[in-house]
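Written out below as structure tokens is the structure these notes cover.
The values are calculated or read from the model by the stated rules, or taken from the named source; none is laboratory data. These numbers come from a predicted model, not from an experiment. When we count neighbours, we look across all protein chains shown, and the Cβ atoms used for this are built from the backbone with ideal geometry, even at glycine. These accessible areas exclude ligands, DNA and RNA; they are computed on the full protein's heavy atoms, side chains included. Shrake-Rupley method; radii C 1.70, N 1.55, O 1.52, S 1.80 Å.
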Amino acid sequence: MVNTLPKPGIKTPSQETVLTPRFYTTDVEKAANLDLSTQDTELQAMLAEMRADYNRHHFVRDEAFEQSWEHIKGEARQAFIDYLERSCISEFSGFLLFKELSRKLKHRSPLLAEMFQLMARDEARHAGFLNKAMGDFKLSLDLAMVTKTRTYTFFPIEWVLYTVYLSEKIGYWRYIIIYRHLQQHPENQFYPIFRYFESWCQDENRHGDIFKALLRSQPQLWNNWKAKLWSRFFLLSVFATHTMTVHERTGFYKTLGLDATEFDRQVVYNTNETAGRAFPVMLNTEHPQFFPRLQRCAAHNLQIAEIERSSQPKFIKLIRKLPLITAIVWNLLLLYLIQPIDAEALRETVR
């Protein structure tokens with residue numbers, strides 16, 4: 001009989017849900033055949049920047065970590081551990097995808113292979129740093145075991161370009177907004193990892209720029225009506241996920257001195273504006289129903305989570321959750337139908 005109990009100090013990963021970071025695989029053959037010629041100059045410049053590895057000395061733990069963290073207790077402690085775990089899994093997911101692509105493209109597309117190898121290096125560095133932070137709270141993730149037990153989702157390479165671009169750019173805005181806030185309110189900087197967020201967001205931004213170049217190298221991903229529909233879908237999916245997960249963790253943001261709703265609004269607004277540089281459309285975040293409907297989805301999601309934690313039979317839980325799931329889907333549909341902003345028409349406009 002195999003012993004599946006976690007070792008002391010090894011955290012059992014949180015249960016996978018539609019909102020937790022996922023592990024992905026993709027069509028390597030199609031990736032190998034991508035024509036990158038229109039963006040070759042930009043990609044070569046970014047490859048040189050990645051080789052330089054400007055952040056190689058930035059993720060080194062200093063003496064500020066060398067203390068007890070037992071004074072962080074109760075809900076604040078659990079909320080922070082949950083944040084570290086989710087962030088670690090997300091970074092590790094990127095590492096696994098980039099590593100797989102790098103290995104399989106080595107002899108097919110050397111430029112892409114090296115680019116993915118260097119991005120995998122950054123993601124591994126981030127995941128390791130986060131896992132060491134969890135170690136300060138006497139917990140850590142067995143990432144080797146997570147690799148074997150986590151569910152992998154197949155995404156076509158086109159979807160990977162859309163979603164990873166958005167993931168990196170929304171990551172940039174999350175990190176930089178927290179960093180700037182804590183620069184202004186150092187009394188809320190309860191743990192030293194937040195001091196590293198400026199370097200962290202530089203990596204996220206650089207990765208996003210690489211995926212922007214990859215996306216713009218494929219005209220079918222931005223110059224037709226299908227691309228516009230897909231762009232709207234992925235923008236809304238990422239923003240809805242962000243809004244719901246942020247509102248699941250209002251306690252964590254309160255500890256930082258941030259209002260979760262306002263933080264979410266800033267991240268979504270700025271990511272949407274940034275996405276206009278790569279995507280053919282942006283969502284109309286100025287529409288009076290845009291953020292209210294996202295927040296309704298978040299409220300319904302919290303109700304679903306509360307039902308799930310109850311001791312009622314599964315069938316009763318399902319009956320209670322169905323109207324809430326329907327309401328989320330309905331609100332997302334109405335958001336999707338809001339007329340988007342044509343980013344291609346604004347391409348030559350200085351903003």
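Listed by first and then second residue, the pairs linking a residue in the range 298-320 that is free of Cβ contacts under 8 Å to residues at least 60 places away in the same chain and more than 22 Å from His242 (Cβ to Cβ) to a residue that is surrounded by 14 or more Cβ atoms within 10 Å (Cβ to Cβ) and of a type outside the set (A, V, I, L, M), with Cβ atoms under 8 Å apart and 6 or more places separating them unless they lie on different chains, are Ile307/Lys317; Ile307/Arg320; Ile307/Lys321; Ser310/Lys317; Gln312/Arg320; Lys317/Glu308. Considering Leu143, Leu182, Leu215, Leu161, the condition of being farther than 23 Å from Glu344 by Cβ, of a type outside the set (D, E, K, R) and at pLDDT 95 or above is satisfied by Leu182 alone. Residues of the range 62-69 include at least one that is in a helix (DSSP H, G or I), within 30 Å of Thr255 (Cα to Cα) and in contact with a helix residue (DSSP H, G or I) (Cβ under 9 Å, 6 or more places away or on another chain).
Go through the residues of the range 272-281 one by one and say whether even a single one is without any contact (Cβ under 8 Å) to a residue 60 or more places away in the chain and surrounded by fewer than 14 Cβ atoms within 10 Å (Cβ to Cβ). Scanning the range 272-281 turns up no residue that is without any contact (Cβ under 8 Å) to a residue 60 or more places away in the chain and surrounded by fewer than 14 Cβ atoms within 10 Å (Cβ to Cβ). State all residues of the range 323-345 that are within 23 Å of Ala227 (Cα to Cα), surrounded by 14 or more Cβ atoms within 10 Å (Cβ to Cβ) and not aromatic (Phe, Trp, Tyr); if no residue qualifies, say none. Asn331, Leu332, Leu335, Ile338, Pro340, Ile341, Ala343, Glu344 - these are the residues of the range 323-345 that are within 23 Å of Ala227 (Cα to Cα), surrounded by 14 or more Cβ atoms within 10 Å (Cβ to Cβ) and not aromatic (Phe, Trp, Tyr). The criterion of being touching a Gly at 6+ places or on another chain (Cβ under 9 Å), more than 14 Å from Phe239 (Cβ to Cβ) and either open to solvent by 80 Å² or more (accessible area, probe 1.4 Å) or part of a loop (DSSP other than H, G, I, E, B) (or both) does not hold for Arg320.
Here Asn205 does not fit the description of being free of Cβ contacts under 8 Å to residues at least 12 places away in the same chain and within 26 Å of Leu112 (Cα to Cα). Looking for something out of contact with any strand residue (DSSP E or B) (no Cβ under 7 Å at 6 or more places or on another chain), of a type in the set (Val, Ile, Thr), assigned to a loop (DSSP other than H, G, I, E, B) and under 18 Å from Thr241 (Cα atoms) - is there at least one such residue anywhere in the range 284-292? Checking the range 284-292: at least one residue is out of contact with any strand residue (DSSP E or B) (no Cβ under 7 Å at 6 or more places or on another chain), of a type in the set (Val, Ile, Thr), assigned to a loop (DSSP other than H, G, I, E, B) and under 18 Å from Thr241 (Cα atoms).
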